[in-house]
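Enquirer: Below: one structure in structure tokens.
The numbers here are math on the coordinates, done by the rules we state, and not lab data. Values in this document were obtained by computation on a predicted structure and should not be read as measured data. Cβ sites come from the backbone with ideal geometry, for glycine too, and all protein chains shown count toward neighbours.
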Amino acid sequence: MAVGFDSVTSVQPYPLTETWDALVAVLKVHREQESKEDGNLWSPVSYHDGATRGLGGVDKVEAFVLDVDEVGLAALRPRLNGLAYIAYSTWSFGSLSGINVVVPFAQAVAVWKWSAMWGVCHDYFGRLGEVSCRDASRMFYRPHHAVGAQYFVEVGCGDYLEPPSRHRNRT
């Protein structure tokens with residue numbers, strides 16, 4: 001379901017979780033840290049055996065991640081209704097920015113299909129996430145915040161995301 005990386009410069013992925021519930025348990029832990037760069041990272045992908053970080057090593061993508069910096073979670077709620085997800089504040093969390101929202105796929109997406117799937121998902125979620133997340137090998141910081149900073153984690157229960165074309169009529 002997900003791999004981990006020790007730091008932003010790490011090239012060796014390690015198994016982080018094998019199930020959605022295990023990933024939620026990991027992402028529910030919000031750590032207080034002195035600096036952003038001290039955080040561990042994760043990615044919702046599987047890598048080929050022995051592969052190192054990078055697009056060439058990715059086998060499948062297990063979840064869609066929205067890195068939202070321009071709007072709050074309320075803007076995504078109509079599309080999240082009925083879906084499993086975890087939303088958490090990032091280091092840059094403010095009144096309407098600095099949120100990651102992770103939605104698991106019902107079936108993992110082969111990396112060669114990822115570009116098209118990312119586009120469909122990005123459209124489905126109102127094009128509110130950062131475009132840089134289209135890279136299947138993208139890493140995300142695990143939830144952490146500055147000392148004394150506000151933060152949040154929210155878990156939604158529901159269905160895993162089917163191919164988004166099946167959800168087009170949702171409001």
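Enquirer: What number, rounded to the nearest 500 deg cm²/dmol, is the helix-based mean residue ellipticity at 222 nm of the chain, given -39500 (n - 2.57) per DSSP H run of at least four residues and division by all its residues? All intermediate terms of the calculation are to be shown ahead of the outcome.
Expert: Details: 3 runs with 23 residues, N = 171.
Helices in the chain give a 222 nm mean residue ellipticity of -3500 deg cm²/dmol.
Enquirer: If you don't mind, there's one more thing I want to ask. Only Lys, Arg, Asp and Glu count, each charged at its Cβ (+1, +1, -1, -1), so figure out the dipole size of region 33-153 about its Cα centre, rounded to 20 debye.
Expert: Values: 10 positive and 12 negative charges, 65 e Å.
Taking the Cα centre of region 33-153 as origin, the dipole is about 320 debye.
Enquirer: For the pair Ala74 and Ser7, how long in nm is the line joining their label points, each one 7 Å along Cα→Cβ?
Expert: Taking the simple label geometry, Ala74 and Ser7 are separated by 4.1 nm.
Enquirer: Taking θ = phi - 60°, what integer Hz values does the Karplus form 6.51 cos²θ - 1.76 cosθ + 1.60 yield along region 97-110, in sequence order, with x for Gly and Pro?
Expert: Result, ordered by residue: 9, x, 10, 10, 10, 10, 10, x, 7, 5, 9, 4, 9, 4 Hz.
Enquirer: Go ahead and set up a Gaussian network model of the chain, Cα springs under 10 Å, then flag whichever of Gly119, Gly129, Gly50 fluctuates most.
Expert: Among Gly119, Gly129, Gly50, the largest mean-square fluctuation in the Gaussian network model of the chain belongs to Gly50.
Enquirer: Still on this model: Just need the relative contact order of region 18-171 here, percent rounded to a whole number, with Cα pairs under 8 Å and 6+ apart. All intermediate terms of the calculation are to be shown ahead of the outcome.
Expert: Details: 271 pairs, mean separation 55.1, N = 154.
Value for region 18-171: 36 percent.
Enquirer: Continuing with the same structure: If the cut-off is a Cα-Cα distance under 13 Å, which aspartates and glutamates reach Lys28, setting aside same-chain residues fewer than 8 apart in sequence?
Expert: Reachable aspartates and glutamates: Glu154.
Enquirer: Shifting gears a bit: Classify region 10-64 from the C-alpha gyration tensor, please: rounded if a/c falls under 1.5, else prolate or oblate depending on whether a/b exceeds b/c. Show your work: numbers first, answer last.
Expert: Values: a/c = 2.56, a/b = 1.36, b/c = 1.88.
Verdict is oblate for region 10-64.
Enquirer: Let me ask something additional. Return the percentage of antiparallel bridges among DSSP beta bridges fully within the chain, rounded to the nearest 5 %. Let's see the in-between values first.
Expert: Details: 27 of 32 bridges.
Within the chain, antiparallel bridges account for around 85 percent of the total.
Enquirer: If you wrap a convex hull around the alpha carbons of the chain, what volume per residue comes out, as a whole number of Å³?
Expert: Working: hull volume 16.9 nm³, N = 171.
Given the Cα convex hull of the chain, per-residue volume reads 99 Å³.
Enquirer: For Gly156, which sequence-distant residues (separation of 5 or more, or a different chain) have an amide H within less than 5 Å of its own amide H, given hydrogens modelled in the peptide plane?
Expert: Tyr85, Ile86, Ala87
Enquirer: Follow-up. Each residue of region 28-37 in turn: what ³J(HN,Hα) in whole Hz from Karplus with 6.51, -1.76, 1.60 and θ = phi - 60°, glycine and Pro shown as x?
Expert: 6, 7, 9, 9, 8, 9, 6, 9, 4, 5
Enquirer: Hey, what do the phi angles of region 142-147 turn into as Karplus ³J(HN,Hα) couplings, whole Hz, using 6.51/-1.76/1.60 and θ = phi - 60°, x for Gly and Pro?
Expert: Result, rounded to whole Hz: 5, x, 7, 8, 5, 3.
Enquirer: Taking only Cα atoms and a 10 Å spring cutoff, compute GNM fluctuations for the chain and point out the largest among Gly39, Gly54, Gly126.
Expert: Gly126
Enquirer: Can you give me the long-range amide H partners of His145? Hydrogens built in the peptide plane at 1.01 Å from N, cutoff under 5 Å, separation of 5 or more residues or another chain.
Expert: Distant-sequence amide H within range of His145: Arg31, Glu32, Gln33.
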